[in-house]
Amino acid sequence: MADSAALRAPLWANLTATFFGIGRMRPGPGTWASAATMLLWAAFAHALSYPLRTPILIGLAAVVTLVGIPAATRAARASASKDPSFVVIDEVAGQLISLIAVPLSWKTFLAGFILFRVFDILKPPPVRQLERLPEGTGIVLDDVAAGIYALAVMQLLLHWGLLK
């Protein structure tokens, strides 16, 4: 029912909220969206020169967040659900944030993926409280916060030389 309801949302909102349909993959649409985001960024980042990667990723995460909030709102309204599982643009935003200023290696990408998924699932304070914000704001900002937690832990691991 929720998937067919999403089709009633405007096309731009449906495509954005589901990250071009990835939100319909089962099981675990959020995990699929995080994995796709990580792989797409890995491929794209390798084509960028080093000094451009971090500012481009920060800008990309900001755009995904700012466009994702109204898209998630429209898709959630169309499905009559507070936080439908097919809305995964929030995972895209959070996963991007977790990879800011991270060296390009399979270890750092795997660590960023795992850290983000753990914080997104466990939702330590204030992540869970952000879910209470209205509509798309709550849907997206809790994952942004989970991404910030993952980013902080990732940077500590890099600083201590536990990842390279």
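The values are calculated or read from the model by the stated rules, or taken from the named source; none is laboratory data. Everything numeric in this text was worked out from a predicted model, so none of it was measured. Using ideal geometry, Cβ is built from the backbone for each residue, glycine included, and neighbour counts are taken over all protein chains shown.
Scanning for something over 20 Å from residue 148 (Cα atoms) and of a type in the set (Asp, Glu), does region 75-86 turn up at least one residue? Before the answer, list the steps.
Restricting attention to region 75-86, the residues satisfying the condition of being over 20 Å from residue 148 (Cα atoms) are 75-86.
If we keep only those that are of a type in the set (Asp, Glu) too, we end up with 83.
Checked region 75-86: at least one residue is over 20 Å from residue 148 (Cα atoms) and of a type in the set (Asp, Glu).
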Residue selected from region 89-103 under the condition over 19 Å from residue 137 (Cα atoms) and among the aliphatic types (A, V, I, L, M), by the criterion nearest to the chain's Cα centre (by Cα): 99
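Please determine whether any residue of region 29-42 is farther than 30 Å from residue 163 by Cα, surrounded by 15 or more Cβ atoms within 10 Å (Cβ to Cβ) and modelled with pLDDT of 95 or more. Write out each step before concluding.
Within region 29-42, the subset farther than 30 Å from residue 163 by Cα is none.
There is no residue in region 29-42 that is farther than 30 Å from residue 163 by Cα, surrounded by 15 or more Cβ atoms within 10 Å (Cβ to Cβ) and modelled with pLDDT of 95 or more.
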From the options 152, 78, 111, 145, residue that is at pLDDT below 95 and either surrounded by fewer than 24 Cβ atoms within 10 Å (Cβ to Cβ) or touching a His at 6+ places or on another chain (Cβ under 9 Å) (or both): 78
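From the list 72, 9, pick out the single residue that is within 28 Å of residue 132 (Cβ to Cβ), more than 12 Å from the chain's Cα centre (by Cα), modelled with pLDDT under 95 and surrounded by 20 or more Cβ atoms within 10 Å (Cβ to Cβ).
Values: 72 fails: modelled with pLDDT under 95.
Exactly one of 72, 9 is within 28 Å of residue 132 (Cβ to Cβ), more than 12 Å from the chain's Cα centre (by Cα), modelled with pLDDT under 95 and surrounded by 20 or more Cβ atoms within 10 Å (Cβ to Cβ), namely 9.
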Lone unmet requirement of (1) surrounded by fewer than 23 Cβ atoms within 10 Å (Cβ to Cβ); (2) at pLDDT 95 or above; (3) at negative phi for residue 96: (1)
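Report yes if residue 85 is modelled with pLDDT under 95 and farther than 18 Å from residue 22 by Cα, otherwise no.
On the way: modelled with pLDDT under 95: yes; farther than 18 Å from residue 22 by Cα: no.
So residue 85 does not fit the description; no.
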Region 109-138, residues that are within 11 Å of the chain's Cα centre (by Cα) and of a type in the set (Lys, Arg): 117
Residue among 118, 140, 102 that alone is in a helix (DSSP H, G or I), crowded, with 18+ Cβ neighbours inside 10 Å and among the aliphatic types (A, V, I, L, M): 140
Conditions (1) buried (at least 21 other Cβ atoms within 10 Å of the Cβ); (2) free of Cβ contacts under 8 Å to residues at least 24 places away in the same chain; (3) among the aliphatic types (A, V, I, L, M): number failed by residue 25: (1)
Criterion violated by residue 42 - all others in (1) hydrophobic (A, V, I, L, M, F, W, C); (2) more than 13 Å from residue 147 (Cα to Cα); (3) not in a helix (DSSP H, G or I) satisfied: (3)
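Every residue, every condition in (1) of a type in the set (D, E, K, R); (2) out of contact with any helix residue (DSSP H, G or I) (no Cβ under 8 Å at 6 or more places or on another chain); (3) touching a residue at least 40 places away in the same chain (Cβ under 8 Å), yes or no:
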{"position": "65", "(1), (2), (3)": "no, no, yes"}
{"position": "72", "(1), (2), (3)": "no, no, yes"}
{"position": "77", "(1), (2), (3)": "yes, no, yes"}
{"position": "89", "(1), (2), (3)": "no, no, yes"}
{"position": "92", "(1), (2), (3)": "no, no, yes"}
{"position": "104", "(1), (2), (3)": "no, no, yes"}
{"position": "115", "(1), (2), (3)": "no, no, no"}
{"position": "120", "(1), (2), (3)": "yes, no, yes"}
{"position": "125", "(1), (2), (3)": "no, yes, no"}
Members of region 139-164 that are over 13 Å from the mean Cα position of the chain (by Cα) and of a type outside the set (D, E, K, R): 152, 153, 154, 155, 156, 157, 158, 159, 160, 161, 162, 163
